[in-house]
Amino acid sequence: MPAAPRARPLDLFTPDEWTPFQTRSPWIGPLLVLHCWAIIALAMAAGVLWPILIPLCVAVVGTRQLGLAILMHEAAHGGLSPDRRLNDLLGHWLCAVPVGASLAAYRPYHLAHHKYAQQAEDPDLVLSAPFPVTRASLGRKILRDLTGQTFFKQRVLFAFGSFASRRDEDLAEGAVVTGRSVASFLLVNLALLLVLVLAGVWWAWFVLWLLPMATWFPLVTRLRNIAEHACVEGSATDPFRAARTTRAAWWERAFIAPYWVNFHAEHHLFMHVPCWKLPALHRAVRARPQGRRMEVAPGYLAVLAKASARS
């Protein structure tokens, strides 16, 4: 069971150059969690006040629900706070649980993904192995996401034991974290519903929280998974090609890839670098000869074109 090949920081940087990437802030992580919830609250308020904006608000809320999952991922690496207890508190209750996840279940699963990235033992290999697919196949996957079928499979059928295996592309990451957090997920969502009932806008929970979670959130999660590892040649043997970085325009960061999740090649190179330092790490690595081997896509549309190039 060989582990994935690794790169060492000192192969690229001097100790002084590497030190800034090792330091962690006690306040940026909590502020990112606050920022994510503030965007969700503002988008829900906008949808309540101006119903014509509801389709836009659904996309914004769904992307920030992915943002909560990304910040849970940051907590799995201890990046939300140098204080382990605060890191896990924020990562579990304010990031993981509201979207049906469990930090305790996700952490060992995800660290196994890093240890065996793109090897046969990688628990996330099922997410990238099928690609490239045909455009029709990709279209069916997107349709399943936008019509709530993926959500139903992950949040309902799996939670009640209808699937015995996680070797399903729709279940791979979502299921392993969802099945062990049903009670807390329902409790937190009931509390959110109660707040909206007391505010006199009970319907907002269904239209501006549950609907994004059932449609846009699965879609952008799928786009994230495809962009990170699918169709990267040499990903199993070269640590600089273990994942893909995707250049993201402002609209892609707003509606597809929040909180620097698009810098995935850098994250796999040095997984303990905080997410807000990944843009600087990207520039530093790309300035080295080894960094030129990294897979860097010009945008998410280019990634989808490559992932659906099978005839």
The one condition in (1) in a helix (DSSP H, G or I); (2) at pLDDT below 95 that PRO130 fails to fulfil: (1)
Those residues of region 56-105 which are hydroxyl-bearing (Ser, Thr, Tyr) and more than 25 Å from TRP205 (Cβ to Cβ), in sequence order: SER81
In region 238-248, residue nearest to ILE54 (Cα to Cα) [restricted to those that are in contact (Cβ under 8 Å) with a residue 60 or more places away in the chain and more than 15 Å from the chain's Cα centre (by Cα)]: ALA242
Among the residues listed as LEU211, LEU186, LEU196, LEU219, the single one being modelled with pLDDT under 95 and either out of contact with any Lys or Arg (no Cβ under 8 Å at 6 or more places or on another chain) or of a type in the set (D, E, K, R) (or both): LEU186
Region 246-276, subset charged (D, E, K, R) and either assigned to a loop (DSSP other than H, G, I, E, B) or touching a helix residue (DSSP H, G or I) at 6+ places or on another chain (Cβ under 6 Å) (or both), residue surrounded by the fewest Cβ atoms within 10 Å (Cβ to Cβ): ARG247
The listed residue being in contact with a strand residue (DSSP E or B) (Cβ under 9 Å, 6 or more places away or on another chain), charged (D, E, K, R) and more than 23 Å from VAL220 (Cβ to Cβ), out of GLU266, GLU252, GLU295, GLU233: GLU233
Condition met for ARG140 (of a type in the set (D, E, K, R), within 28 Å of VAL232 (Cβ to Cβ) and modelled with pLDDT of 95 or more): yes
Residue pairs meeting the criteria (Cβ under 7 Å; at least 6 apart or on separate chains; first under 30 Å from ARG6 (Cβ atoms), in region 212-237; second basic (Lys, Arg) and buried (at least 24 other Cβ atoms within 10 Å of the Cβ)): ALA227/ARG244; GLU228/ARG244; HIS229/ARG244; VAL232/ARG244
Verdict on LEU125 being within 21 Å of GLU228 (Cβ to Cβ) and out of contact with any helix residue (DSSP H, G or I) (no Cβ under 7 Å at 6 or more places or on another chain): yes
Of all residues making up region 7-39, the number that are part of a helix (DSSP H, G or I) and touching a residue at least 24 places away in the same chain (Cβ under 8 Å): 14
Within region 284-301, tally of residues that are of a type outside the set (Ser, Thr, Tyr), assigned to a helix (DSSP H, G or I) and within 22 Å of the chain's Cα centre (by Cα): 1
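The values are calculated or read from the model by the stated rules, or taken from the named source; none is laboratory data. This one's a predicted model, so the numbers in the text were calculated from it and none came from an experiment. All Cβ positions, glycine included, derive from the backbone under ideal geometry; neighbour counts span all protein chains shown.
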